[in-house]
4 protein chains.
Amino acid sequence: MNNYETRDNVAKTTAQSPYLFSRKDENHQTTIPIGNTVVGGDKVLFFAGPCSVESRQQIMDIAYELKEAGATALRGGAFKPRTSPYSFQGHEEKALEWLCEVREKTGLAIVTEIMDPQLVPVFEQYVDILQIGSRNMQNFVLLKAVGKSKLPVLLKRGMSSTIHEFLLAAEYVLSQGNPNVILCERGIRTFENATRNTFDINAIPVLREKTHLPIIADPSHGTGNAKYVLAVSRGAVAAGADGLLVEVHFSPDDALSDGDQSIQPQEFRLLVEQINSIAHAVNRTI
Amino acid sequence: MNNYETRDNVAKTTAQSPYLFSRKDENHQTTIPIGNTVVGGDKVLFFAGPCSVESRQQIMDIAYELKEAGATALRGGAFKPRTSPYSFQGHEEKALEWLCEVREKTGLAIVTEIMDPQLVPVFEQYVDILQIGSRNMQNFVLLKAVGKSKLPVLLKRGMSSTIHEFLLAAEYVLSQGNPNVILCERGIRTFENATRNTFDINAIPVLREKTHLPIIADPSHGTGNAKYVLAVSRGAVAAGADGLLVEVHFSPDDALSDGDQSIQPQEFRLLVEQINSIAHAVNRTI
Amino acid sequence: MNNYETRDNVAKTTAQSPYLFSRKDENHQTTIPIGNTVVGGDKVLFFAGPCSVESRQQIMDIAYELKEAGATALRGGAFKPRTSPYSFQGHEEKALEWLCEVREKTGLAIVTEIMDPQLVPVFEQYVDILQIGSRNMQNFVLLKAVGKSKLPVLLKRGMSSTIHEFLLAAEYVLSQGNPNVILCERGIRTFENATRNTFDINAIPVLREKTHLPIIADPSHGTGNAKYVLAVSRGAVAAGADGLLVEVHFSPDDALSDGDQSIQPQEFRLLVEQINSIAHAVNRTI
Amino acid sequence: MNNYETRDNVAKTTAQSPYLFSRKDENHQTTIPIGNTVVGGDKVLFFAGPCSVESRQQIMDIAYELKEAGATALRGGAFKPRTSPYSFQGHEEKALEWLCEVREKTGLAIVTEIMDPQLVPVFEQYVDILQIGSRNMQNFVLLKAVGKSKLPVLLKRGMSSTIHEFLLAAEYVLSQGNPNVILCERGIRTFENATRNTFDINAIPVLREKTHLPIIADPSHGTGNAKYVLAVSRGAVAAGADGLLVEVHFSPDDALSDGDQSIQPQEFRLLVEQINSIAHAVNRTI
């Protein structure tokens, strides 16, 4: 017995009528253009950057570092979903402008989180990839809105969403006509308290079996601790991840959010080097 | 160590600067008008109805039954958040009209779920209480939107939200100027698979200690099984709940959603009778 | 799909070949003699006492208090299962002697935890009920050993055991010829960190449906916090529990173990009074 | 706040008075002899075999296959802990004799689970490594008994044990004088139901930081599904595991236990090959 909401969907899972996310055969694999490369192909990509865009100077400086180290895309929060209404909520549209400037100067693709369905047209002016955060994985109004955009969507798994629910959230986007969904495993909530979340490495082969969509891993949220980011990054790519989403900050202790889990630029360079070795061991490149 | 996002909030939890949700002393208790009574006072209230508004006739018929049995408010979904995009999504605005008609004819207060922040003005024309569902407990754009409404908000706990996160979600609403938030414990996601969710009865005394807001219980989602709804309802009220949110359907096997957990009208009458006994045992009435 | 180990058992769950724990019909209910009463009948029983037997004087003094307040059985740990090998491990056989003396002087039945299968004959000399702790719920060697004893067994649910696994652990005892198993729901491990465990109130009606064995509740471990013990006790009895297992200590702050969750004797008297009201509301007595 | 039992242990975690399991510095690493090699050194080891020893012929045949493919140790259950008392419980002492014969003929080291503390002397006659299963991780009587043995102990993490509790269980063994404990991460119980357990890859770097004991991974129980074993094996070794414990069976569909998660010998050969590449990528060998 599966206790979660699935009864209505049974009809959809037959071979004759698969979901849009369903993998038809072993070679069925979606690739999505990011900058001058693709995610979902042979290359393992790096999406890196600070949790929040804290200032124009910060985001510009870190972008040059990350570009040089091998990143394809810059991540950075403009609108921040925070548990408390009194926590820093992001620099909002001003941060979008800075991110856009970074893109022009460095050539990095820009990925940033959208929370308000009405802001899709605004984001489309500034960024390359719309991120849906874990707290909004089942915000169906938002999923439908980004499903009508032309931009790729980076969909993060909900903190306690099953893999099946995760795929059905992707289906909401796909069903609106947007075929470009990148799935991101970022750790689930469990009883373990030595780490912020439990990175679900099983999800990588399970998703690979069930869907043709690209799969990336977020070891920063997956562990919540910079000390464990390298090991889990290696593990995720060895298990088959198409890329990594990593929080990097010049001075993690001073970060306005998520400092504990942010690595520094020199650690990011080491990570890229180690992932290069792992990628080759699984017949890929970076 | 608490692994969840709390660092920024520490300053807010001092005695000098409590949260808006914080209980100042034992007698600090918010009551919120519902129909011709209040929630949060001596009376234990019943919010009952079908998962989805399926037709004008269905909702009208069940409303009369529930009113007569002792319900104060009618619940019924007009816009339904469904895991799959291909499941029944609700009759939407037409269902709101039917609910409004029910209110006029029966005097029942109407509670229904809102998912789209832009629809607040529409809902305000038709209903009495705005429900925020579990999947949207941390949809901060939506929380801020209902925080600007004059209507009371029934906030359901997220499936894997801590009690602290639940209270901070309420704070988002309160901080926008709307003081009328009703908290609803509806079960959390655990490893147990004999029930759909695990009703967290501990949450009732924990919330009572920490907040002055009214607390109701949803034994339908809390168990996912009609057979267990009566027992858990008695338990919730004995532990201190201010009311119950119960799914009732004439013919659960034919329900368009959540049939397994819906009780029938005659079972609802038995439930009201049993809760009457429990309420008196804890010095309350129905 | 159920991911836990159940395939081999399917044959056993048919109507023709039920488990020994299976309830045959509504009136099928086991009662087990405890002192001069029974558990599983109309009366709600109280099993109370300190986490550990700390001294002869302590256990004698608290026993008289609890007896007078209405307890039927005294609980107290002689051999303590502790997470760390360096924590207080109990006064062991000396504590068993003190417990035996308490029984003679007060008439209270004695329940205490056994961890070593070889000690069954020793425990049989001193105590009335053999407790199997949560950590040993699937210690099958121990379950088989107590299954060969004449004494009733109080079996606590494992911290992350499903209800089905809990019942199969009881089956291990029953299958050895001992029909007297008392099931104890004591909270499960979840992500919530405001309480030590999440008391699974759903388990009470689920167990009632599936088995004829008596069911008691442990609100002390179920919450881990003395402040919440009264409310959860009321909830458990309202939901149908046949008794309560409660930690009581004269001076919780000085307790050698589990002080946070121990209530004081005067609070225990208030609890008995409140449970009396709840018991009557569900057509039972204390 | 940490809700689990840790208060008594605080004094033990200071730098002056570390636990026996505590890593003193980066180079502090225990190696334990297994066959003609060691676990915890540069080599990644393979512990492989069927869930249960089903017959003399079965275990002999598979042993030769595994030896040739690169395994160092043979795993196989003689005494099986089963959720139901009516499931196959193993061939017990007869299986120990078969395992001993396998050791003599193949040179493979033998690892098998012990459940009864009294049987330590019997196991010592036949096997090389005493396995403590997940259900007995906090069976302190058993931990103390194997702590007095001269044989290495392979300790599996409990299904819902925190990493801290896991290490304290190891401390029970170490504190009795047995320094040779191999820790085994085998997945934890979560809400996810696409896999039997959630393999906790985070545990590998967390354990590496906190302890000098060798760490191996069990991808068979960690996923519960043969299809995902290869990917998770690669991930575990990339993250730093010192070895793998893998279930292998000639005919998984006919296995008396755990068939779903058993791979076949030819898949095991492919796994060894892939792990060879990963091992080199992290500067190790097989």
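The values are calculated or read from the model by the stated rules, or taken from the named source; none is laboratory data. Everything quoted here is computed from the prediction, not taken from an experiment. Cβ sites come from the backbone with ideal geometry, for glycine too, and all protein chains shown count toward neighbours.
Would region C:38-49 turn up any residue that is crowded, with 19+ Cβ neighbours inside 10 Å, within 18 Å of C:A255 (Cα to Cα) and within 17 Å of the chain's Cα centre (by Cα)? Yes, the conditions are met somewhere in region C:38-49.
With the structure loaded, tell me whether C:S257 is within 14 Å of chain B (Cβ to nearest Cβ), among the small types (G, A, S) and either outside any helix (DSSP H, G or I) or closer than 16 Å to C:A69 by Cβ (or both) or whether it fails that test. Spell out the reasoning first.
On the way: within 14 Å of chain B (Cβ to nearest Cβ): no; among the small types (G, A, S): yes; either outside any helix (DSSP H, G or I) or closer than 16 Å to C:A69 by Cβ (or both): yes.
No.
Out of B:E171, B:E124, B:E185, which single residue is within 25 Å of C:I201 (Cα to Cα) and not polar (S, T, N, Q)? Let's see the steps before the verdict.
Working: B:E171 fails: within 25 Å of C:I201 (Cα to Cα); B:E124 fails: within 25 Å of C:I201 (Cα to Cα).
Matching residue, one of B:E171, B:E124, B:E185: B:E185.
Residue-level check: of (1) within 14 Å of another protein chain (Cβ to nearest Cβ); (2) touching a residue at least 60 places away in the same chain (Cβ under 8 Å), B:A69 misses just (1). Looking only at residues of region B:233-281 that are surrounded by fewer than 18 Cβ atoms within 10 Å (Cβ to Cβ) and small (G, A, S), we find that the one that is farthest from B:L154 (Cα to Cα) is B:S251.
Criterion first (assigned to a strand (DSSP E or B) and not hydroxyl-bearing (S, T, Y)) does C:V102 satisfy it? Outline the logic, then answer.
Values: assigned to a strand (DSSP E or B): no; not hydroxyl-bearing (S, T, Y): yes.
It is false that C:V102 is assigned to a strand (DSSP E or B) and not hydroxyl-bearing (S, T, Y).
Being touching a strand residue (DSSP E or B) at 6+ places or on another chain (Cβ under 8 Å) and within 25 Å of B:S160 (Cβ to Cβ) holds for only one residue in A:N197, A:N180, and it is A:N197. Looking only at residues in region C:149-159 that are assigned to a loop (DSSP other than H, G, I, E, B) and away from every other protein chain (no Cβ under 13 Å), the one that is modelled with the lowest pLDDT is C:K150. Any residue in region B:153-162 that is hydroxyl-bearing (S, T, Y), out of contact with any Asp or Glu (no Cβ under 8 Å at 6 or more places or on another chain) and either within 27 Å of B:N36 (Cβ to Cβ) or buried (at least 24 other Cβ atoms within 10 Å of the Cβ) (or both)? Looking for residues that are hydroxyl-bearing (S, T, Y), out of contact with any Asp or Glu (no Cβ under 8 Å at 6 or more places or on another chain) and either within 27 Å of B:N36 (Cβ to Cβ) or buried (at least 24 other Cβ atoms within 10 Å of the Cβ) (or both), one finds at least one in region B:153-162, hence yes. Looking only at residues of region D:13-37 that are within 14 Å of chain C (Cβ to nearest Cβ) and under 27 Å from the mean Cα position of the chain (by Cα), we find that the one that is modelled with the lowest pLDDT is D:T13. Residues that are buried (at least 24 other Cβ atoms within 10 Å of the Cβ) and farther than 16 Å from D:G49 by Cα within region D:206-221 comprise D:V206, D:L207, D:T211, D:L213, D:P214, listed in sequence order.
Would you call B:L142 crowded, with 23+ Cβ neighbours inside 10 Å, of a type in the set (A, V, I, L, M) and not in a helix (DSSP H, G or I)? So B:L142 does not fit the description; no.
The set of residues in region D:107-139 that are of a type in the set (V, I, T) and crowded, with 18+ Cβ neighbours inside 10 Å comprises D:I110, D:V111, D:T112, D:I114, D:V127, D:I129, D:I132.
Evaluated against (1) more than 21 Å from A:G49 (Cβ to Cβ); (2) at the interface with chain B (Cβ under 8 Å from one of its Cβ atoms); (3) assigned to a loop (DSSP other than H, G, I, E, B), A:M115 falls short on exactly one condition, (1). Of the residues D:G77, D:G107, the single one that is over 30 Å from C:R157 (Cβ atoms), among the small types (G, A, S) and either touching a residue at least 24 places away in the same chain (Cβ under 8 Å) or out of contact with any Cys (no Cβ under 8 Å at 6 or more places or on another chain) (or both) is D:G107. The number of residues in region A:218-236 being at negative phi, without any contact (Cβ under 8 Å) to a residue 40 or more places away in the chain and either in contact with a Ser or Thr (Cβ under 7 Å, 6 or more places away or on another chain) or not small (G, A, S) (or both) comes to 6. List the residue pairs whose Cβ atoms are under 7 Å apart, where the first residue sits in region A:83-102 and is without any contact (Cβ under 8 Å) to a residue 24 or more places away in the chain, the second is of a type in the set (S, T, N, Q), and the two are 6 or more positions apart or on different chains. What qualifies is A:S84/B:N9; A:P85/B:S175; A:Y86/B:N9. Determine, yes or no, whether B:E171 is over 23 Å from B:D258 (Cβ atoms), in contact (Cβ under 8 Å) with a residue 40 or more places away in the chain and surrounded by fewer than 23 Cβ atoms within 10 Å (Cβ to Cβ). Judged against the criteria, B:E171 is not a match. Here C:E247 qualifies as under 23 Å from C:Q57 (Cβ atoms) and touching a helix residue (DSSP H, G or I) at 6+ places or on another chain (Cβ under 6 Å). Restricting region C:79-106 to residues that are more than 14 Å from chain D (Cβ to nearest Cβ) and either surrounded by 24 or more Cβ atoms within 10 Å (Cβ to Cβ) or of a type outside the set (D, E, K, R) (or both), the residue that is farthest from D:V141 (Cα to Cα) is C:T106. Filtered by the rule that a residue be within 15 Å of the chain's Cα centre (by Cα) and of a type in the set (D, E, K, R), region A:188-209 gives a lone residue, A:D200.
Screening the candidates C:L271, C:L244, C:L230, C:L256 for the property of being closer than 21 Å to B:I204 by Cβ and touching a Phe, Trp or Tyr at 6+ places or on another chain (Cβ under 6 Å) yields one hit, C:L244.
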